[in-house]
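A.B. asks: This is the structure I have questions about; it appears just below.
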Amino acid sequence: MLGGAAILSVPDLTGFPMNLNAGEIPSETSGPARIGLLTAVKPYIAVAAVIITGSILVVAIYYTLLDLAWIAFLGGILVASILAMSTQAARVELTSTERAAKLILAEYLLRKATALREASESKLAAVEEHLQYSEEMLPAMLAFVDTSTRYQYHNRSFRNWLGLPNDRIDGQHMRDVLGRTVFAEIEPYILEAASGRMVCYERTQVKPDGRRVKLSVQYLPQAGSGGKSGGFHVVTTDITTCENDARPEVAEVLLSANPEESSAAAWNKASKRVLAAIDGDEFVLFCQRIVAVANGGPLPAHHEVLVRLQEEESGHALPGAFFSLAEEYGLMPKLDRWVFEHMLQWLASPVGAQTVLAGEMYFINVDAETLSDPGFPDFVELHLRMTGAPGGAVCIEIAEADLVQHQGDAVAFARKIRACGCKIAISGFGHNRLAMRILSLMTVDFLKIDGSIVRHVATYPVQLGKMVAITRIARSIGVRTIAEMVEDPQTLNMLGDAGVDYAQGFGIARPKPLEEVVPFSTVSAELSTS
């Protein structure tokens with residue numbers, strides 16, 4: 001029985017030890033009335049059963065004519081019955097007591113859990129209130145980027161600044177959201193943040209109405225499991241402080257729109273300025289070297305072709321600002337043609353021809369809109385004939401995201417380009433399984449393994465396993481692999497054993513003007529004699 005001083009020591013389901021004194025439990029938690037009634041009646045039922053059994057045995061003894069043997073036998077049965085009844089009654093009482101105690105404990109824990117839930121809901125409501133402020137009203141632009149360099153969170157200010165819907169940001173790679181050129185410019189900062197270091201820098205951005213605004217950008221790393229990086233938060237703040245800072249300047253923003261003009265007029269001028277820059281050859285070509293790392297024999301070096309605006313190189317324009325405008329106005333196919341035409345002209349020059357003879361190849365990115373440009377393959381074929389440059393010296397890159405989103409156009413584009421003698425590469429490869437299926441529909445020469453996989457192979461076995469799987473599949477179908485964004489010797493040393501054929505990144509070579517490119521065989525000879 002539960003006495004007033006009895007203590008029930010029970011495990012607390014909430015995670016900490018708890019001793020319940022029965023006298024401290026509120027009376028309203030004593031259980032349903034029927035359990036109390038049953039507990040009160042059961043002893044009387046046992047007594048009644050004993051009396052009835054005893055009466056039957058006394059009558060039986062009387063009818064045995066008081067035979068001592070029968071009296072002893074029946075008396076033994078009577079005693080045994082009384083003991084059995086008493087034991088059963090005690091067991092029932094104990095079971096009833098235990099169940100009543102468990103019910104009391106369960107009701108107590110339920111009360112406690114309810115109180116904890118209400119407290120948690122109150123705290124959650126307060127957190128959601130602050131989160132709603134960050135999401136809806138905070139003027140600073142917030143975003144979170146995971147270890148694969150994809151956006152997993154952003155607030156309204158960030159979304160409004162980019163002018164993109166949710167599905168064009170969440171889950172998307174930074175390169176696809178910001179554009180390839182802008183991504184290439186801020187890539188060093190991204191690499192620092194991904195390695196766990198806080199990054200702060202300032203940049204200028206052009207608004208569609210022609211205004212130049214100054215931004216302060218912070219990358220705040222978030223620690224993951226085992227002390228490894230779990231991604232980073234992006235905090236962007238508009239720090240334009242005066243009217244002069246926001247004035248449009250042609251030399252810096254490539255726009256001549258007046259802030260007081262209508263938005264349509266400003267955009268019209270911006271579009272004309274983009275076309276004028278393309279038609280006026282206001283660009284320069286850069287190259288980043290791609291070196292062979294495969295075990296089992298030497299391979300020729302290659303190059304990735306990059307395009308920059310002359311004002312960017314002279315420090316008079318924001319890097320990447322022009323290309324975001326070109327993408328906005330659908331002018332990237334025209335810019336891609338400019339790049340291809342000038343690259344072929346250089347390949348036909350004496351220096352370019354020497355690199356071709358050395359077996360070197362030049363990788364040229366094309367925009368998603370170019371994939372659906374039916375005249376682009378004909379343009380390529382025409383200029384190959386005009387310049388005499390070999391198509392085999394050119395490899396056109398299609399981004400994995402563009403391949404998946406524009407599957408039909410990409411497959412047809414690749415088939416026509418290969419008919420011209422050029423090669424095809426898929427860049428940023430390794431995130432979408434559908435891309436692997438699409439490869440069965442087209443012929444590809446190179447797979448460029450995405451940098452978000454490459455830069456973690458030294459610290460994350462899963463990423464290394466993913467790289468090894470990609471290289472094995474690529475070799476089984478006769479495709480070469482290139483590791484993107486190689487930034488340190490440790491990663492570089494692991495690539496050959498993982499089956500990778502080539503590597504590129506700031507840890508190998510930084511981009512340099514095309515006119516400074518010389519055959520890699522010459523570079524190797526100079527290094528061996530120095």
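A.B. asks: Just need a number here: residues in the stretch 512-523 that are out of contact with any helix residue (DSSP H, G or I) (no Cβ under 9 Å at 6 or more places or on another chain) and modelled with pLDDT of 85 or more.
C.D. replies: Residues flagged as out of contact with any helix residue (DSSP H, G or I) (no Cβ under 9 Å at 6 or more places or on another chain) and modelled with pLDDT of 85 or more within the stretch 512-523 amount to 2.
A.B. asks: Any residue in the stretch 486-511 that is more than 15 Å from Arg289 (Cα to Cα) and at pLDDT below 90 sitting within a Cβ distance under 9 Å of a residue that is basic (Lys, Arg) and crowded, with 23+ Cβ neighbours inside 10 Å? List the pairs, counting only those 6 or more apart or interchain.
C.D. replies: Sorted first by the residue in the stretch 486-511, then by its partner, the pairs are Asp488/Arg455.
A.B. asks: Only residues that are part of a helix (DSSP H, G or I) and modelled with pLDDT under 95: list them for the stretch 393-408, please.
C.D. replies: Step one: filter the stretch 393-408 for residues part of a helix (DSSP H, G or I), giving 393, 400-405, 407-408.
Correct list: Glu400, Ala401, Asp402, Leu403, Val404, Gln405, Gln407, Gly408.
Okay, residues lined up against (1) surrounded by 21 or more Cβ atoms within 10 Å (Cβ to Cβ); (2) over 22 Å from the mean Cα position of the chain (by Cα); (3) closer than 15 Å to Ala194 by Cα; (4) not assigned by TED's automatic domain parsing to the domain that holds Pro188:
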site: Asp450; (1), (2), (3), (4): yes, no, yes, yes
site: Val454; (1), (2), (3), (4): yes, no, yes, yes
site: Val457; (1), (2), (3), (4): yes, no, yes, yes
site: Met467; (1), (2), (3), (4): yes, no, no, yes
site: Arg472; (1), (2), (3), (4): no, yes, no, yes
site: Ser476; (1), (2), (3), (4): no, yes, no, yes
site: Met485; (1), (2), (3), (4): yes, no, yes, yes
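A.B. asks: Okay, moving on. Of all the residues that make up the stretch 459-508, how many are in a strand (DSSP E or B) and of a type outside the set (Val, Ile, Thr)? First the steps, then the outcome.
C.D. replies: Start the filter on the stretch 459-508 by keeping residues that are in a strand (DSSP E or B), which leaves 480-483, 502-503.
Then drop every residue that is not of a type outside the set (Val, Ile, Thr), which leaves 480, 483, 502-503.
Total satisfying the criteria: 4.
A.B. asks: Then there is this: Could you look through the stretch 323-372, keep only residues that are closer than 20 Å to Leu384 by Cβ, assigned to a helix (DSSP H, G or I) and of a type in the set (Gly, Ala, Ser), and pick out the one that is farthest from the chain's Cα centre (by Cα)?
C.D. replies: Ala353
A.B. asks: Next up: Whether any residue in the stretch 419-426 is out of contact with any Ser or Thr (no Cβ under 9 Å at 6 or more places or on another chain) and at positive phi is what I want to check. Break it down stepwise before answering.
C.D. replies: Residues of the stretch 419-426 that are out of contact with any Ser or Thr (no Cβ under 9 Å at 6 or more places or on another chain), as a first pass: 419-423, 425-426.
Adding the requirement that they be at positive phi leaves 421.
Among the residues of the stretch 419-426, at least one is out of contact with any Ser or Thr (no Cβ under 9 Å at 6 or more places or on another chain) and at positive phi, which makes the answer yes.
A.B. asks: Just one of (1) surrounded by 14 or more Cβ atoms within 10 Å (Cβ to Cβ); (2) among the polar types (S, T, N, Q); (3) out of contact with any helix residue (DSSP H, G or I) (no Cβ under 6 Å at 6 or more places or on another chain) trips up Ser81, so point out which.
C.D. replies: (3) is the only condition that Ser81 fails.
A quick yes/no check of all residues on (1) farther than 30 Å from Leu335 by Cβ; (2) part of a helix (DSSP H, G or I); (3) at pLDDT 75 or above; (4) of a type in the set (Ser, Thr, Tyr):
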{"site": "Ala89", "(1), (2), (3), (4)": "yes, yes, no, no"}
{"site": "Leu116", "(1), (2), (3), (4)": "yes, yes, yes, no"}
{"site": "Glu128", "(1), (2), (3), (4)": "yes, yes, no, no"}
{"site": "Phe144", "(1), (2), (3), (4)": "yes, no, yes, no"}
{"site": "Val177", "(1), (2), (3), (4)": "no, yes, yes, no"}
{"site": "Glu185", "(1), (2), (3), (4)": "no, yes, yes, no"}
{"site": "Ala193", "(1), (2), (3), (4)": "no, yes, yes, no"}
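A.B. asks: Of everything in the stretch 408-448 that's among the β-branched types (Val, Ile, Thr) and farther than 23 Å from Ala393 by Cβ, which residue is surrounded by the most Cβ atoms within 10 Å (Cβ to Cβ)? Before the answer, list the steps.
C.D. replies: Here is the first cut: in the stretch 408-448, the residues among the β-branched types (Val, Ile, Thr) are 411, 417, 424, 426, 438, 443-444.
With the extra rule that they be farther than 23 Å from Ala393 by Cβ, the set shrinks to 411, 438.
Details: Val411: 17, Ile438: 19.
If we take residues in the stretch 408-448 being among the β-branched types (Val, Ile, Thr) and farther than 23 Å from Ala393 by Cβ, then Ile438 is surrounded by the most Cβ atoms within 10 Å (Cβ to Cβ).
A.B. asks: Just a yes or no: is a residue in the stretch 415-434 of a type in the set (Gly, Ala, Ser), assigned to a helix (DSSP H, G or I) and either assigned by TED's automatic domain parsing to the domain that holds Thr149 or closer than 22 Å to Ser476 by Cα (or both)?
C.D. replies: Step one: of the stretch 415-434, the residues of a type in the set (Gly, Ala, Ser) are 419, 421, 425, 427-428, 430.
Subsequent filtering for residues that are assigned to a helix (DSSP H, G or I) retains 419.
Keeping just the survivors that are either assigned by TED's automatic domain parsing to the domain that holds Thr149 or closer than 22 Å to Ser476 by Cα (or both) gives none.
For the stretch 415-434, residues of a type in the set (Gly, Ala, Ser), assigned to a helix (DSSP H, G or I) and either assigned by TED's automatic domain parsing to the domain that holds Thr149 or closer than 22 Å to Ser476 by Cα (or both): absent.
A.B. asks: Here is a further query. Can you tell me which condition Val462 does not meet? The list is (1) within 30 Å of Gln490 (Cα to Cα); (2) of a type in the set (Val, Ile, Thr); (3) buried (at least 19 other Cβ atoms within 10 Å of the Cβ), and all the others hold.
C.D. replies: The failed condition is (3).
A.B. asks: For the stretch 154-168, enumerate the residues that are free of Cβ contacts under 8 Å to residues at least 60 places away in the same chain and assigned to a helix (DSSP H, G or I). Show your work before the answer.
C.D. replies: Restricting attention to the stretch 154-168, the residues satisfying the condition of being free of Cβ contacts under 8 Å to residues at least 60 places away in the same chain are 154-157, 159-160, 162-168.
Result: Arg156, Ser157, Arg159, Asn160, Leu162, Asn166, Asp167, Arg168.
A.B. asks: Hey, can you tell me all the residues within the stretch 265-315 that are touching a Pro at 6+ places or on another chain (Cβ under 7 Å), modelled with pLDDT of 80 or more and either polar (S, T, N, Q) or under 25 Å from Arg337 (Cβ atoms) (or both)?
C.D. replies: If the condition is that a residue be touching a Pro at 6+ places or on another chain (Cβ under 7 Å), modelled with pLDDT of 80 or more and either polar (S, T, N, Q) or under 25 Å from Arg337 (Cβ atoms) (or both), then Val284, Phe286, Cys287, Gln288, Leu306 are the ones that fit.
The values are calculated or read from the model by the stated rules, or taken from the named source; none is laboratory data. Because the structure is a prediction, the values reported are computed rather than measured. Please note: Cβ atoms are built from the backbone with ideal geometry, for glycine as well, and neighbour counts cover all protein chains shown.
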